[in-house]
Structures are given as C-alpha cells and as structure tokens.
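**Q** Got a structure here, written out as structure tokens. Questions coming.
The values are calculated or read from the model by the stated rules, or taken from the named source; none is laboratory data. In this text the structure is predicted, and so the values were computed from the model without any measurement. Cβ atoms come from the backbone with ideal geometry, glycine included; neighbour counts cover every protein chain shown.
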Amino acid sequence: MLGLASAAPAGDGQAEFAVWTEDACQGRGVGSLLLRALLRRLAEQGTAVAIGIIEPGNQAMRRLVAKVAPEAATGHEDGMIVARIPLAGGPDGKHSTS
C-alpha cells in the first residue's frame, strides 16, 4: 500500500478527512494525488467543506494542504491546526481538484 485517504461525515455538509502516505512514498506526489481525488469525490457527493485536523508538528500535511488547497482557511483549536477547505458544493463554488 502506498497511501490511504478517508473521510467521514461531520454534519452540516462537512466531512473530516485524513491522508496517510507510506514513508518511502512521501515527497513523490502520492499524498497530493490522494487528497485531490478525495476532495473531488466529496464535492461530487455534495459536501460543502472538507475539514482536516493536523498536529502542529506535521509539516508534511501542512504543506500538502497548502499545495492542494491554497484557499483553505486554517485556525487553531484545542492545540491542533484545523484546515477548512471549501468544495464545489459550498457557497463560493470553489474546490481543490485541479
């Protein structure tokens, strides 16, 4: 397995997502491919916002979200970084699948 991306409903048109990439595959575009595909699928299903909860020290995930979804709004909650990515189903019509 090279990596894994998953999402779960979080209420009100939102879904919480996670991405994992095998250490040997990091930095090779696997995470970008997985996250773009997941965001596209969520948008197709009518999800308005994808939410990623990121440990502050997880620089790789922070860079991945910034690269794939530069429009993501980020903030801090309970010591974690929370990235909110607007999808095609959202009010602004944006999503990060390009």
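**Q** Among the listed residues Arg63, Arg84, which satisfies the condition of being over 20 Å from Pro9 (Cβ atoms) and either at pLDDT 95 or above or out of contact with any Gly (no Cβ under 7 Å at 6 or more places or on another chain) (or both)?
**A** Answer to the check: Arg63.
**Q** Further question: Just the residues that are polar (S, T, N, Q) and over 15 Å from Ala72 (Cα atoms), please, taken from the range 16-46.
**A** Thr21, Gln26, Gln45
**Q** Quick check on the range 39-54. Is at least one of its residues touching an Asp or Glu at 6+ places or on another chain (Cβ under 9 Å) and modelled with pLDDT under 95?
**A** no
**Q** Before we move on, is Ala73 in contact (Cβ under 8 Å) with a residue 40 or more places away in the chain, more than 12 Å from Phe17 (Cα to Cα) and aliphatic (A, V, I, L, M)?
**A** In short, no.
**Q** Now for a separate question. Counting only residues that are over 16 Å from Gln14 (Cα atoms), surrounded by 11 or more Cβ atoms within 10 Å (Cβ to Cβ) and touching a residue at least 24 places away in the same chain (Cβ under 8 Å), which one in the range 47-60 is nearest to the chain's Cα centre (by Cα)?
**A** Among them, the one singled out is Ile54.
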